[in-house]
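See below for the structure under consideration.
Throughout, read-outs are computed from the coordinates displayed, never taken from laboratory work. Keep in mind the model is a prediction, meaning the values are calculated, not measured. Here the Cβ is made from the backbone with ideal geometry for all residues, glycine too, and neighbour counts use every protein chain on show.
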């Protein structure tokens, strides 16, 4: 894999917390408005004759509302108001299944799966965690338009208190699972790394991405009392790290 000559860079906690509060408030208010539009458009559509030419227009309105609601859901994920539910989750099994799906995405991108032994069980929403990893894998693929290699890795860690970056460190314990997604793309300059997880920040051309995928990753990590970092620099290769607390009472883990 490429050489990443920059240290791991977590998002600025205070800035992201302010953005998360704003996103949650925005999504809540917008959902109320969208609910009213959906409700009244449904009532009007139901009162129309089946051959009314405006009936098709009302359906277009309802479809637009559904798209907007999907966008607001991403804001809620970022803000931590996602409605996820935590259960015991086997990270190794989840990654193995995800790796099989991701391997078929592009013929010019090779996916390597590296699941280290001794992974503890974590308390997580499996669908939310899979969503976060899908965003990271998609981000890695888009970083390599000419093809390359992605390494999806998971390993157990035991961290000292000074290295724990959880939103609620006292609840996190010392045992963690680190999931990394590493690509062989061109890397990212500092000005891009600093804004990666902000809602609507994107390096894509207009209309080719909403810029909410990595924001969702940030929100999902925070929901699980974990965090996300990125290693990248001027040289080739980028690596995203998702660090999640193990369930209390996890088996002996290696120290780092």
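Over the range 134-216, what relative contact order in percent results from Cα pairs under 8 Å that are six or more residues apart?
30 percent
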- line: Least to most buried among 40, 223, 218, by other C-beta atoms within 10 Å and fewest first, runs 40, 223, 218
- request: Determine, for 50, 203, 87, 149, the number of other Cβ atoms within 10 Å of each Cβ, and report the residues in order from fewest to most.
  value: 50, 87, 203, 149
